[in-house]
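The structure under discussion appears below in the form of structure tokens.
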Amino acid sequence: MLGQLQDPRKEIIDCRHLFSIKIAMRLDEPTQVDMVLGDGVRQRGAAAHEISEDTPGVAWAKLDGRRDPDRARAFHTTDADLDELSDYVTAGHHDAPRPLSGIEAA
């Protein structure tokens, strides 16, 4: 089950304390961090209220059973990347595709 809210101050999802993974993306106020992730999580480093608009995909995650939160960042896939992937798949290529733009090969 996936529950999402835009304003953590409102009790729209009354069972949100039962979710085992909580994720906070950019928030407006420091108090909202603890509302989303749990009491005291902001003091343990989860600064979701300080995430810059220039860093899309950044979030703080809190897993049940773990005391400290983890900083996370989702990758960014552009429309051009998706077009290239679509062309590759529909063309039936069987060799390894080149890395997406902005991703270094290991």
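Each value in this text was obtained by applying a stated rule to the coordinates, not by laboratory testing. Model, not experiment: these values are computed from the prediction. In this analysis, Cβ positions are derived from the backbone assuming ideal geometry, glycine residues included, and neighbour counts consider all displayed protein chains.
Of Met35, Met25, Met1, the sequence from fewest to most neighbouring Cβ atoms within 10 angstrom is Met1, Met25, Met35. Taking amide H as placed 1.01 Å from N in the peptide plane, Ile51 has its amide H under 5 Å from the amide H of Leu27, each at least 5 places away in sequence or on another chain.
Taken one residue at a time, the phi angles of the stretch 34-44 give Karplus couplings (6.51, -1.76, 1.60, θ = phi - 60°) of 5, 5, 7, 9, x, 4, x, 5, 4, 5, 8 Hz. Gly and Pro are set to x.
Take every Cα pair under 8 Å whose residues are at least 6 apart in sequence, average their separation, divide by the length of the chain, and the relative contact order is 19 percent. Across the stretch 72-81, coupling constants 3J(HN,Hα) worked out from phi with the 6.51/-1.76/1.60 Karplus curve, θ = phi - 60°, read 10, 8, 7, 6, 10, 10, 7, 4, 5, 4 Hz, and Gly and Pro carry x. With bins 5 Å wide beginning at 0, the percent of Cα pairs of the chain falling in each bin runs 2, 11, 18, 17, 13, 9, 10, 10, 7, 3, 0. The Rg/Rh ratio for the stretch 16-73, using Cα coordinates for both the radius of gyration and the Kirkwood hydrodynamic radius, is 0.93.
Residue order for Lys62, Lys22, fewest other beta carbons within 10 angstrom first, comes to Lys22, Lys62.
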